[in-house]
1. Give me the 1.4 Å probe accessible area per residue for the stretch 94-199, excluding ligands and nucleic acids, in Å².
2. Any idea how far apart Leu210 and Leu268 come out in nm if each label point goes 7 Å out from Cα toward Cβ?
3. Based only on Cα atoms, what mean projected area does the convex hull of the stretch 29-70 have, in nm²?
4. Pull up all non-local amide H partners of Leu10: gap of 5 or more, or a different chain, and H-to-H distance under 5 Å with H placed in the peptide plane.
5. If you plug each phi of the stretch 157-166 into the Karplus form 6.51 cos²θ - 1.76 cosθ + 1.60 with θ = phi - 60°, what whole-Hz ³J(HN,Hα) values come out, in order, with x for Gly and Pro?
6. Once the whole set of protein chains is in place, how much accessible area is left on Glu93, using a 1.4 Å probe, in Å² to the nearest 10?
7. Please give the contour-minus-distance gain from Leu34 to Ser132: 0.36 nm per residue of separation, less the Cα-Cα distance, rounded to one decimal in nm.
8. Quick one: what are the phi-derived ³J(HN,Hα) couplings along the stretch 65-77, Karplus 6.51/-1.76/1.60 with θ = phi - 60°, whole Hz, x for glycine and proline?
Amino acid sequence: MVRTNNVTELIFSGLFEDPEVQRACFVVFLPVYLATVVGNGLIVLTVRVSKSLRTPMYFFLSHLSLVEISYSSTVVPKFITDLLSKIKTISLEGCVAQIFFFHFFGVTEILLLVVMAYDRCVAICKPLHYMSIMNRQLCYILVAGSWLGGFFHSIIQVLITIQLPFCGPNVIDHYFCDLQPLFKLACTDTSVEGVVVLANSGLIALCSFLLLVSSYVVILLSLRNHSAEGRRKALSTCASHLTVVTLFFGPAIFLYMRPTSTFTEDKLVAVFYTVVTPMLNPIIYTLRNAEVKVAMRRLWGKKENSGMERNWESD
């Protein structure tokens with residue numbers, strides 16, 4: 001798969017070298033990952049079965065939660081099992097596959113966050129035309145575009161990687177496969193590839209972040225014409241999304257929009273957005289969203305009121 005004669009297996013240096021610290025991390029991160037899967041899975045299930053949540057906003061939220069599960073599962077299960085292993089290995093083909101899916105789901109999440117910001121912008125700035133603008137067809141197109149955008153981005157990353165020769169050493173200075181640590185092992189100059197990766201990864205994150213900021217500037221300007229109660233409800237709805245955006249984009253821009261390094265701090269930042277952030281998202285959305293909390297209570301104990309179904313379902 002990759003042009004090489006000498007390297008078929010890579011060894012992760014890991015997050016920490018002390019076995020006791022690694023075992024402590026295992027005890028911490030295993031429940032975090034399980035909470036990520038259960039929490040996001042519960043949101044997907046709740047949105048799917050609850051008629052009161054069949055609106056564009058929750059449609060996008062369910063896809064975001066699905067992406068969070070997939071994104072975290074690309075890295076975290078292998079990372080957790082490696083915490084109990086003395087030698088942490090992965091095949092070269094497995095490394096390339098991990099890079100593909102990590103960037104696939106990561107960029108899909110970025111694009112979904114942009115879509116969700118656009119949805120909130122339309123809902124607040126054009127409330128009377130919201131249901132006609134955000135119709136079922138457009139929602140499907142936006143979600144499909146997010147998944148396709150992530151796919152094409154990852155294809156570029158993989159095409160760059162599989163052309164590199166690897167002849168040793170085979171120790172990758174990270175706890176999962178990413179492009180910059182892997183480039184350091186290539187038996188050739190990768191400065192051009194590094195620039196391409198910067199343009200493909202860092203600029204996607206930066207441009208998407210600027211689009212998100214622009215959307216919320218428009219929202220804030222629009223809220224000047226709303227009542228105090230209207231502003232409160234709109235800001236409450238947007239607060240969860242803004243929190244998730246900050247938690248995701250902050251570490252991503254920090255890592256991808258500056259020169260690479262081997263500092264342990266970089267690995268700790270990566271732990272935050274690969275392990276911790278996917279777990280926080282369902283907590284953030286449920287704690288600040290009364291409709292989701294009510295729907296979850298109904299899902300577990302009460303019969304859904306069919307009369308609360310929204311017009312969007314029948315578009």
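1. Working: 4280 Å² over 106 residues.
On a per-residue basis, 40 Å².
2. Going by the 7 Å Cα→Cβ label model, 3.2 nm.
3. Details: hull surface 10.8 nm².
Averaged projected hull area, Cα only: 2.7 nm².
4. Those lying under 5 Å, H to H, from Leu10 are Ile90, Ser91, Leu92.
5. Listing the rounded values in order: 4, 5, 4, 5, 6, 6, 8, 7, x, 10 Hz.
6. For Glu93, the solvent-accessible surface is approximately 90 Å².
7. On the way: separation 98, 0.36 × 98 = 35.28 nm, distance 3.88 nm.
Answer, rounded to one decimal: 31.4 nm.
8. In residue order, the calculated couplings are 5, 4, 5, 4, 4, 5, 4, 5, 5, 5, 10, 5, x Hz.
The values are calculated or read from the model by the stated rules, or taken from the named source; none is laboratory data. All values reported here derive from a predicted model rather than from experimental measurement. For neighbour counting, all protein chains shown are included, and Cβ atoms are generated from backbone atoms with ideal geometry for every residue, glycine included. Keep in mind that these areas ignore ligands, DNA and RNA; they rest on the heavy atoms of the full protein, side chains included. Shrake-Rupley method; radii C 1.70, N 1.55, O 1.52, S 1.80 Å.
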